[in-house]
Amino acid sequence: MKVVTQYSKTNNAISATLTHVADFVDSKTAPNSISDSGVQSYLTGLFNAAKIPVSTSTIYGVFLPSGTTSTNGSSRSCTSYCGYHSSYTYNGKTILYAVLPYNNCSGCSISGKTVLDMMTIVTSHEIRETITDPVNAWWETSSGYEADDKCAWHGLYQQTGGAWVQPEYSNALAGWPR
């Protein structure tokens, strides 16, 4: 996360640490398909029912179960993307979220990696992009890439404890530190 701090474009520096807040596991049956507007409506419903707190400093990770396809415009999980991040306004507050489909498909697999490995790789990618580009704040103008797109699927490594992640590209080092 220390590499992420260099992508701050405002006087509000990006923190080098993340704090985990309480998880919410929904026991309702998941839909077969959910659109991006459906994800926003789902989060709004959780806020309105006080099932999760509203915070502008939280990244809401919406993990979808096996069998649920997500769509974002004309794009579809497992064919166009393995996860994505976005934001919307709820009661005047910018809500940051990442949609993380269950990556048990050929479009989101790497030889030798399990579904759990793919989930940690994609989750690390999307969380960092949500931090560095919450509302189109950081893009590499020459290529149109966000910071993590520059390293997508390259230089993967295992953290202590076994979770696979991708490195964050460093503009300062012009490479992939760990």
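The values are calculated or read from the model by the stated rules, or taken from the named source; none is laboratory data. Keep in mind the model is a prediction, meaning the values are calculated, not measured. So basically every Cβ, Gly included, is an ideal-geometry build from the backbone, and we count neighbours across all protein chains shown. Note: accessible area is taken over every heavy atom of the protein model, side chains too, but ligands, DNA and RNA are not part of it. Shrake-Rupley method; radii C 1.70, N 1.55, O 1.52, S 1.80 Å.
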Yes or no: region 56-64 includes at least one residue that is more than 24 Å from THR132 (Cα to Cα) and either modelled with pLDDT under 95 or among the small types (Gly, Ala, Ser) (or both). no
Determine, yes or no, whether VAL39 is surrounded by 11 or more Cβ atoms within 10 Å (Cβ to Cβ) and in contact with a strand residue (DSSP E or B) (Cβ under 8 Å, 6 or more places away or on another chain). yes
Looking at region 114-132, is at least one residue touching a strand residue (DSSP E or B) at 6+ places or on another chain (Cβ under 8 Å) and at pLDDT below 80? yes
Sole miss for SER109 among (1) over 17 Å from TRP164 (Cβ atoms); (2) open to solvent by 20 Å² or more (accessible area, probe 1.4 Å); (3) polar (S, T, N, Q) is condition (1)
For residues that are within 23 Å of ARG128 (Cβ to Cβ) and open to solvent by 50 Å² or more (accessible area, probe 1.4 Å), scanning just region 19-36, find the one that is modelled with the highest pLDDT. PHE24
Given (1) acidic (Asp, Glu); (2) more than 13 Å from the chain's Cα centre (by Cα); (3) modelled with pLDDT of 70 or more, identify the lone condition not met by GLU140. (3)
Output for region 146-161, where each listed residue is open to solvent by less than 40 Å² (accessible area, probe 1.4 Å) and more than 17 Å from the chain's Cα centre (by Cα): GLY155
